[in-house]
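Undergrad: Below are the structure tokens for one structure; questions will follow.
The values are calculated or read from the model by the stated rules, or taken from the named source; none is laboratory data. Because the structure is predicted, anything quoted here is derived from the model rather than measured. Neighbour counts are summed over all protein chains in view; Cβ atoms, including those assigned to glycine, are modelled from backbone coordinates with ideal geometry. When the accessible area is computed, the model is the full protein with side chains, heavy atoms only, and any ligands, DNA or RNA have been set aside. Shrake-Rupley method; radii C 1.70, N 1.55, O 1.52, S 1.80 Å.
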Amino acid sequence: MILQALVAHYESRRAAGGPDAPPPIGYAAVPVTHVLVLDTNGTITAIDDVRQTSQRGRPYARRTNAPRPLANRTSTTRPHFLCDTSEYILGLPRGETQNVTARARERFRAASDLHRRYLADSDDPAAVAVRRFFETWAPGRIAQVAEATGVAPDDLVAQPIAFRLADTDHLVHERSALDAIWQEHLPEQDDTRPGQCLVTGAHDMPIVRLHPTIDLGQGRQGKLISFGDPAYRAHGHRQGFNAPVSQTAAYKYAGALQHLLTYDNGYRADIGDLVVLVWSPSAPRTHGTGNATPSGPIATLMGALGTGRQPDSDAIGDIPGPLYVLGLAYTARSRIGVQLWGETTADDLLANLRAHHADMGLDRRALWSKDQPAIADFLDLAGLETAHHGQRARFIGPLLDAILHGRRYPDALAQRTINQLRHGGRAAADARRSDDASGRPYRLFGRDADLVRAALVRGWLVRRQRHAPDSRATTMTEEALMTLDPDNIDPAYRLGRLFATLENAQVTAAENTPQRTIRDTQFGHAIAAPAAAFPRLIRMGQHHTAKIRRGQPGLGRWFEQCIDDIIAGLHEPDAHQPAFPRSLDLEGQGRFILGYYHQREAQFTPKQRRNDNQAPTATMEATQ
Amino acid sequence: MPEPADNHVFRLRVWGRNACFTRPEMKVDRVSYDVITPSAARGIIEAIYWKPQIAWHVERIHVLAPIARQKVRRNETVSPPSLDAVGRDLHNGTTPRINIRAHRTQRDALVLRDVDYVIEARFSLTERADPPYNPVKHADTFRRRASRGQCFRQPVLGCREFPAAFRLLEPGEPTPAASHAGEQSLGWMLYDFDFANDRRPVFYQPVMRDGVIEVSRHAAEHTAS
């Protein structure tokens with residue numbers, strides 16, 4: 001369905017028209033910097049510089065839809081029709097060495113042959129002008145033309161050039177007579193064989209051998225469909241004949257992708273290395289005018305996806321019908337791979353985004369002192385910073401897929417996040433790194449970084465629970481996972497709660513707020529080997545509560561009661577000693593973390609609760 | 001060719017944790033079709049029982065489970081082992097080898113997750129069948145093998161790393177309900193390969209109605225040319 005959806009998008013955008021419509025069949029959007037103005041005899045009367053200036057004052061090329069074959073031009077000589085580099089059109093070499101000048105001469109000759117052949121029979125004045133140009137031009141004449149037009153030859157080296165007939169206001173390749181000539185010659189441009197096109201189902205279509213290149217920006221160019229290496233072929237077919245796509249369908253899907261990939265059009269969001277495109281056959285057009293941010297429902301949806309925030313459903317309005325989500329990334333060896341594909345509806349998508357927030361507990365504003373975390377932040381906080389790009393790319397697609405379709409979050413991502421949480425003292429490191437230029441989460445989250453990690457763990461556990469096969473025994477229901485459940489007997493959960501209580505005791509007992517608590521030093525040990533760690537932790541806790549009791553007897557008793565209650569729930573039914581598990585599996589570690597954070601959330605002492613109207617107290621802050 | 005006396009349609013339930021019915025155009029970084037192709041369905045049935053005397057035709061496919069995807073990234077090699085090289089090694093007495101490190105690449109795959117289908121198929125006798133034409137024999141053999149879980153090779157869901165579990169549905173047994181409702185067009189999908197004509201791929205445009213795809217009807221409409 002992917003190619004078919006793209007082709008449908010192309011056709012609907014072509015039908016709608018407008019300046020940002022995709023190029024017609026046989027054309028591709030290419031840059032042009034200079035235009036040769038010809039008179040009717042083919043002489044250059046002027047050279048226009050058609051570059052535009054960006055906001056920062058830098059010139060950039062104008063884009064035009066020029067006649068192009070599907071396949072990319074490689075290093076072999078192959079002239080383009082009517083719009084090409086100065087090497088081909090003027091024979092202007094790119095350097096001074098012998099090889100380079102010889103190659104320029106050869107390329108000019110090829111261009112000259114092609115144009116004279118194609119334009120032989122036309123009597124359109126522009127066609128005649130171009131033909132006469134190629135009949136009379138010699139590369140050596142560049143100097144005198146430069147002098148006459150005031151353009152230095154160096155400015156033209158390796159620049160893309162187009163033609164214009166004097167006293168007209170359009171480029172030669174935009175004229176309908178020349179389009180007719182190009183369409184006539186289009187079938188011979190690409191290596192094709194007849195077959196059934198798998199996009200349209202039509203029989204006896206010319207099937208292309210090589211497919212067009214897709215540009216994701218920042219140098220990421222590759223082919224969506226390619227069969228470069230021997231391992232990818234089957235039944236002895238070469239290249240594109242492994243997957244029959246007609247020439248027309250190929251132009252259409254490539255044109256559609258170019259259209260969707262253009263930022264200004266409002267269909268694209270980049271999440272890490274993943275390029276996510278969202279479109280709908282029935283959504284009203286989005287409008288992008290130059291540097292203004294595109295508005296419109298799709299663009300709003302994209303923004304929400306990228307940042308992970310709740311989208312404003314009024315801004316989205318009503319998008320009936322299917323919504324397509326395509327995630328593309330540059331994989332390897334000049335390939336663009338599909339990382340994500342979904343056919344959903346706007347309503348489902350919005351509902352799933354909301355569910356994502358709810359499952360992670362992200363809607364509880366009280367926890368976030370700063371911005372809401374974006375999708376990419378979850379990856380950063382799982383230890384997959386941009387530096388580790390190879391690993392990171394593995395996770396974006398599945399995480400986004402889980403969010404979009406309401407499915408389980410990837411286990412591997414949860415594992416990494418739990419690992420990060422185990423290394424206590426991370427919070428201090430995170431706060432220090434806030435000055436570091438790398439990584440938004442540290443800058444924005446600082447001490448909250450661990451809360452974001454805990455949110456991911458919570459969401460992971462909740463969805464794991466929800467999608468678990470019925471046969472699995474469960475110790476914690478979905479409701480229990482969302483907020484503190486004092487009666488729950490799951491050992492890992494209770495241990496997490498115990499740890500939080502002991503930490504609070506430690507902090508309360510200390511005279512000066514400690515820089516490091518057991519969260520920094522003992523967390524990893526406690527979560528990995530509870531049976532070994534907890535007896536000592538409890539003993540230490542007794543020292544702390546004793547000390548508290550000396551100063552504030554009521555508070556001391558309160559702490560001891562809390563600790564006793566939690567430990568009581570760890571007992572086997574008829575045993576006298578509490579049972580500490582020797583180790584916890586991944587899900588158990590997740591529940592431990594959940595218990596820890598639930599308890600912290602809920603356990604401000606009565607005095608701290610009174611003080612806590614504006615912000616967390618000094619004691620809580622220091623331990624985060 | 002004489003048709004079998006009982007034009008019996010067998011119903012085989014197949015399921016598995018993952019499946020990849022690779023789209024031909026996304027063969028490198030694989031993307032699976034949404035549902036099983038008739039070609040893959042035929043492959044599963046043939047793995048259970050096939051002889052040159054019969055040819056299997058997939059009539060109908062029931063899609064029981066929702067369509068869910070999962071992305072995996074695997075290390076693979078860039079080229080398959082060369083037959084010539086292997087032959088030479090064996091001839092020389094050395095162990096044939098593949099140099100993984102020199103030819104490695106990573107390939108993504110967007111595969112299906114937790115699939116569950118019922119394949120309805122029947123067979124017909126081919127030119128290779130000799131008189132006396134006895135389709136009952138073949139039918140009984142298939143029934144016996146499918147019931148016992150016998151197969152020539154492990155049936156797979158598209159790619160060999162995704163094994164399929166199977167169970168034959170008894171004649172009176174109702175077909176399990178699909179979790180899909182309504183009509184859904186699946187676009188152009190691979191129907192099968194035309195082995196009579198250069199192994200050319202043939203495509204058809206199935207529509208899934210309440211989880212059921214009438215394969216034979218769609219195929220007749222679209223491959224008539």
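Undergrad: Identify, please: which residue in the stretch A:332-359 is more than 16 Å from A:Pro297 (Cβ to Cβ) and open to solvent by 50 Å² or more (accessible area, probe 1.4 Å) and is, among those, farthest from the other protein chains (Cβ to nearest Cβ)? Before the answer, list the steps.
TA: Of the stretch A:332-359, the ones more than 16 Å from A:Pro297 (Cβ to Cβ) are A:332-343, A:352, A:354-359.
Among the residues that remain, those that are also open to solvent by 50 Å² or more (accessible area, probe 1.4 Å) are: A:333-334, A:343, A:354.
Values: A:Arg333: 6, A:Ser334: 11, A:Glu343: 9, A:Arg354: 20 Å.
The extreme case among them is A:Arg354.
Undergrad: Give me the residue from the stretch A:79-108 that is in contact with a Ser or Thr (Cβ under 7 Å, 6 or more places away or on another chain) and part of a loop (DSSP other than H, G, I, E, B) and, out of that set, farthest from A:Arg63 (Cα to Cα).
TA: Ranking the candidates gives A:Pro93 first.
Undergrad: Taking the stretch B:144-203, which residues are closer than 20 Å to B:Val9 by Cβ and acidic (Asp, Glu)?
TA: B:Glu170, B:Glu173, B:Asp192, listed by residue number.
Undergrad: Quick test of your reading of the structure: B:Thr105 fulfils all but one of (1) of a type in the set (Val, Ile, Thr); (2) out of contact with any helix residue (DSSP H, G or I) (no Cβ under 9 Å at 6 or more places or on another chain); (3) in contact (Cβ under 8 Å) with a residue 24 or more places away in the chain. Name the failing condition by number.
TA: (2)
Undergrad: Listed residues A:Ala21, A:Ala46; which is assigned to a strand (DSSP E or B), more than 14 Å from chain B (Cβ to nearest Cβ) and in contact with a helix residue (DSSP H, G or I) (Cβ under 8 Å, 6 or more places away or on another chain)? Even if it seems obvious, please write down each step before you answer.
TA: Working: A:Ala21 fails: assigned to a strand (DSSP E or B).
So the residue among A:Ala21, A:Ala46 that is assigned to a strand (DSSP E or B), more than 14 Å from chain B (Cβ to nearest Cβ) and in contact with a helix residue (DSSP H, G or I) (Cβ under 8 Å, 6 or more places away or on another chain) is A:Ala46.
Undergrad: Out of the stretch B:181-200, which residues are open to solvent by 60 Å² or more (accessible area, probe 1.4 Å) and in a loop (DSSP other than H, G, I, E, B)?
TA: B:Ala181, B:Phe195, B:Ala196, B:Asn197, B:Asp198, B:Arg199, listed by residue number.
Undergrad: Considering only the stretch B:10-50, state which residues are in a helix (DSSP H, G or I), open to solvent by 10 Å² or more (accessible area, probe 1.4 Å) and over 20 Å from B:Met189 (Cα atoms).
TA: B:Glu46
Undergrad: Could you grab me the full set of residues in the stretch B:99-119 that are open to solvent by 20 Å² or more (accessible area, probe 1.4 Å) and either within 18 Å of the chain's Cα centre (by Cα) or more than 11 Å from every other protein chain (Cβ to nearest Cβ) (or both)?
TA: Let us first name the residues in the stretch B:99-119 that are open to solvent by 20 Å² or more (accessible area, probe 1.4 Å), namely B:99-104, B:106, B:113-114, B:116.
Result: B:Asn99, B:Ile100, B:Arg101, B:Ala102, B:Arg113, B:Asp114, B:Asp116.
Undergrad: Return the pairs, sorted by first residue and then second, in which the second residue is open to solvent by 30 Å² or more (accessible area, probe 1.4 Å) and part of a strand (DSSP E or B), the first residue lies in the stretch B:60-83 and is within 7 Å of another protein chain (Cβ to nearest Cβ) and under 24 Å from B:Tyr117 (Cβ atoms), the beta carbons are less than 9 Å apart, and the residues are 6+ apart or on different chains.
TA: Pairs that qualify, where the first residue is within 7 Å of another protein chain (Cβ to nearest Cβ) and under 24 Å from B:Tyr117 (Cβ atoms) and the partner is open to solvent by 30 Å² or more (accessible area, probe 1.4 Å) and part of a strand (DSSP E or B), are B:Ala68/B:Arg113; B:Ala68/B:Asp114; B:Arg69/B:Arg113.
Undergrad: Take the residues of the stretch A:121-138 that are in contact with a strand residue (DSSP E or B) (Cβ under 7 Å, 6 or more places away or on another chain) and closer than 13 Å to A:Leu90 by Cα: which is surrounded by the fewest Cβ atoms within 10 Å (Cβ to Cβ)? Before you say what the answer is, go through the steps one by one.
TA: Going through the stretch A:121-138, the residues in contact with a strand residue (DSSP E or B) (Cβ under 7 Å, 6 or more places away or on another chain) turn out to be A:125-126, A:129-130, A:133.
Okay, now just the ones that are also closer than 13 Å to A:Leu90 by Cα, so A:130, A:133.
Working: A:Val130: 27, A:Phe133: 22.
Ranking the candidates gives A:Phe133 first.
Undergrad: Of the residues A:Thr64, A:Thr33, A:Thr76, which single one is open to solvent by 40 Å² or more (accessible area, probe 1.4 Å), closer than 30 Å to A:Gly140 by Cβ and among the polar types (S, T, N, Q)?
TA: Working: A:Thr64 fails: open to solvent by 40 Å² or more (accessible area, probe 1.4 Å); A:Thr33 fails: open to solvent by 40 Å² or more (accessible area, probe 1.4 Å).
The match here is A:Thr76.
Undergrad: Quick one: how many residues across the stretch B:19-33 are within 7 Å of chain A (Cβ to nearest Cβ) and modelled with pLDDT of 90 or more?
TA: Step one: of the stretch B:19-33, the residues within 7 Å of chain A (Cβ to nearest Cβ) are B:24-29, B:31.
From the residues that got through so far, the ones that are modelled with pLDDT of 90 or more too are B:31.
Count: 1.
Undergrad: Here is a follow-up. Out of (1) of a type in the set (Val, Ile, Thr); (2) in contact with a helix residue (DSSP H, G or I) (Cβ under 6 Å, 6 or more places away or on another chain); (3) assigned to a helix (DSSP H, G or I), what's the single condition that is false for A:Val128?
TA: (2) is the only condition that A:Val128 fails.
Undergrad: What is the residue count in the stretch A:482-501 for residues that are outside any helix (DSSP H, G or I) and either open to solvent by less than 50 Å² (accessible area, probe 1.4 Å) or in contact with a His (Cβ under 6 Å, 6 or more places away or on another chain) (or both)?
TA: First, pick out the residues of the stretch A:482-501 that are outside any helix (DSSP H, G or I): A:483-490.
Within this subset, residues satisfying the condition of being either open to solvent by less than 50 Å² (accessible area, probe 1.4 Å) or in contact with a His (Cβ under 6 Å, 6 or more places away or on another chain) (or both) are A:484-485, A:488, A:490.
Residues in the stretch A:482-501 being outside any helix (DSSP H, G or I) and either open to solvent by less than 50 Å² (accessible area, probe 1.4 Å) or in contact with a His (Cβ under 6 Å, 6 or more places away or on another chain) (or both): 4 in total.
Undergrad: Just give me the residues in the stretch A:194-233 being out of contact with any helix residue (DSSP H, G or I) (no Cβ under 7 Å at 6 or more places or on another chain), over 27 Å from A:Leu277 (Cα atoms) and either in a loop (DSSP other than H, G, I, E, B) or facing chain B (nearest Cβ under 8 Å) (or both), in sequence order.
TA: A:Gly195, A:Gln196, A:Ala202, A:His203, A:Asp204, A:Asp229, A:Pro230, A:Ala231
Undergrad: Given the options A:Ala299, A:Ala329, A:Ala254, name the one that is touching a Ser or Thr at 6+ places or on another chain (Cβ under 9 Å), modelled with pLDDT of 85 or more and outside any loop (DSSP other than H, G, I, E, B).
TA: Working: A:Ala299 fails: modelled with pLDDT of 85 or more; A:Ala329 fails: touching a Ser or Thr at 6+ places or on another chain (Cβ under 9 Å).
Just one listed residue meets the conditions, A:Ala254.
Undergrad: Can you tell me which residue among B:Arg217, B:Arg167 is under 19 Å from B:Val58 (Cβ atoms), touching a residue at least 40 places away in the same chain (Cβ under 8 Å) and open to solvent by 70 Å² or more (accessible area, probe 1.4 Å)?
TA: On the way: B:Arg217 fails: touching a residue at least 40 places away in the same chain (Cβ under 8 Å).
Checking each option against the conditions leaves just B:Arg167.
Undergrad: Tell me yes or no: at least one residue of the stretch A:416-429 is within 14 Å of another protein chain (Cβ to nearest Cβ), in a helix (DSSP H, G or I) and at pLDDT 85 or above.
TA: Within the stretch A:416-429, the first condition is being within 14 Å of another protein chain (Cβ to nearest Cβ), and the residues that meet it are none.
Within the stretch A:416-429, none of the residues are within 14 Å of another protein chain (Cβ to nearest Cβ), in a helix (DSSP H, G or I) and at pLDDT 85 or above.
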